[in-house]
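What follows is a short report on a single structure.
All of the numbers you see were taken from the coordinates with simple rules; none came from a lab. Keep in mind the model is a prediction, meaning the values are calculated, not measured. Glycine also receives a Cβ, built like all others from the backbone with ideal geometry; neighbour counts cover every protein chain displayed.
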Amino acid sequence: MHKKGLILVFSTAVISGFSIFLNKYGVSVINPYIFTFLKNVAVALILSGFIFLIKDWKLFFNLTKKQWLQLLLIGLVGGSIPFLLFFKGLSLTSAAQGAFIHKTMFVYAAVLAVIFLKEKISKEFLIGALFLLLGSLISLKVLPISFGRGDLLIFGATIFWAFENLISKYALKELEGKIVAWGRMFFGSLFILVYLVFTSQIGLIVNLGAEQIIWTFITSALLFGYVFTWYSGLKYVPLSTATAILIFGSLITTFLSLISGSQINFKEIISAVLVLIGVIFVIGVKSLWQKIKTIQTQLPA
């Protein structure tokens with residue numbers, strides 16, 4: 001498996017862990033739709049500046065109509081609709097249950113990868129998937145006994161994100177990761193802007209205070225790191241493996257909660273261990289062991 005791609009995807013998972021930890025504070029002080037819109041706009045601007053700074057702006061002029069359509073679709077399917085569904089669903093169900101549903105995305109992405117990308121699923125991946133699902137399920141304070149409207153909306157958002165990653169994987173065959181990331185954020189911003197205008201929420205932007213603006217800047221920086229590393233890594237790593245590795249971010253969130261003074265119960269510790277085991281199996285136990293031996297041989301005696 002591509003070493004650079006794995007490092008980038010793991011970086012995405014780490015950034016995701018930090019983002020989840022910080023975003024729970026961000027959405028508590030600002031309208032979630034405005035929050036998402038401003039973050040998308042900020043990251044789109046940062047990516048645009050970065051691309052022009054490294055003089056890759058010619059990449060935009062070389063895009064075909066098909067590639068522009070792919071970027072537009074990624075923005076719609078991944079950068080706008082699922083966010084609207086997710087935040088609405090989160091207001092109707094528990095955060096823990098919503099997070100669990102979202103963590104199952106790798107299952108749907110793996111199915112799509114097998115059908116459309118002809119990826120092969122190994123026995124190790126299946127074992128790892130069971131550990132990941134079990135770990136995510138144990139992290140719930142209360143086992144899900146019902147599936148309400150909020151859960152259905154979050155499930156819909158999760159399916160959209162799975163399809164977005166499939167489309168992105170196709171686009172990455174010909175495009176750079178930074179261009180795909182830009183398409184997701186730029187066009188996603190435009191679609192969310194249309195939603196905010198039609199729902200008369202756009203005016204809320206002018207009422208933002210200093211605390212809300214600060215949180216937007218902090219989380220935008222993390223989102224930039226997330227999309228940049230994710231699409232750059234996804235270019236080289238199988239879709240099924242990459243989406244499964246993302247769950248590693250939950251370990252980072254648990255660790256941050258622990259050092260911040262929050263109480264971590266025994267169930268959360270067990271969940272973290274199971275997720276770690278699951279990620280190891282998904283990568284491949286033999287492959288991981290070979291990489292460790294390679295690193296050891298390169299270390300000075």
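Within the stretch 76-111, name every residue whose backbone N is under 12 Å away from a label modeled 7 Å from Cα of Leu140 along the Cβ vector. The answer is 94-104, whose backbone nitrogens lie closer than 12 Å to the label point.
Per-residue ellipticity at 222 nm, computed for the chain from helices alone with -39500 (n - 2.57) per DSSP H run of at least four residues, works out to -25000 deg cm²/dmol. Rounded to two decimals, the Cα radius of gyration of the chain over 2.2 N^0.38 Å is 1.00.
Of Trp68, Trp161, the sequence from fewest to most neighbouring Cβ atoms within 10 angstrom is Trp68, Trp161.
Taking each full run of DSSP H in the chain as one helix, which ones are at least 27 Å long along their axis (Cα atoms) and have mean Kyte-Doolittle hydropathy of at least 0.0? Provide the component values of the computation, followed by the final result.
Working: long enough: 3-26 (34 Å, 0.95); 32-53 (31 Å, 1.80); 149-171 (33 Å, 0.67); 177-198 (32 Å, 1.60); 210-234 (36 Å, 1.01).
Once both thresholds are applied, what remains is 3-26, 32-53, 149-171, 177-198, 210-234.
For a quick check: sort Glu174, Glu119 by the number of other beta carbons within 10 angstrom, fewest at the front. Please list the in-between numbers first.
Details: Glu174 13, Glu119 17.
Exposure proxy ranking, most exposed first: Glu174, Glu119.
Of all aspartates and glutamates in the structure, those lying under 20 Å Cα to Cα from Lys235, and not within fewer than 8 positions of it along the same chain, are Asp56, Glu119, Glu164, Glu174, Glu176. Going from the residue with the fewest nearby Cβ atoms within 10 Å to the one with the most, Leu22, Leu38 rank Leu22, Leu38. Between Phe147 and Lys267, the C-beta separation translates, for a Förster distance of 25 Å, into a calculated FRET efficiency of about 0.70.
Cross-link pairs exceeding 25 Å in C-alpha to C-alpha distance, out of Lys39/Lys173; Lys88/Lys178; Lys58/Lys118; Lys118/Lys173; Lys58/Lys173; Lys3/Lys267, comprise Lys39/Lys173; Lys88/Lys178; Lys58/Lys118; Lys3/Lys267. With 0.36 nm allotted per residue and the present C-alpha distance subtracted, the Glu124-Phe198 stretch has 21.9 nm of extension available.
On full extension, the segment bounded by Trp68 and Leu92 gains 5.1 nm, given 0.36 nm per residue less the C-alpha separation.
Looking at the chain as a GNM with Cα springs under 10 Å, which of Thr36, Thr219, Thr64 has the largest mean-square fluctuation? The residue that fluctuates most here is Thr64. Exposed loop sites are taken as trypsin sites (Lys or Arg not before Pro) in a DSSP loop (any state but H, G, I, E or B) with at most 15 other beta carbon atoms within 10 Å; the longest stretch of the chain without one runs 174-301.
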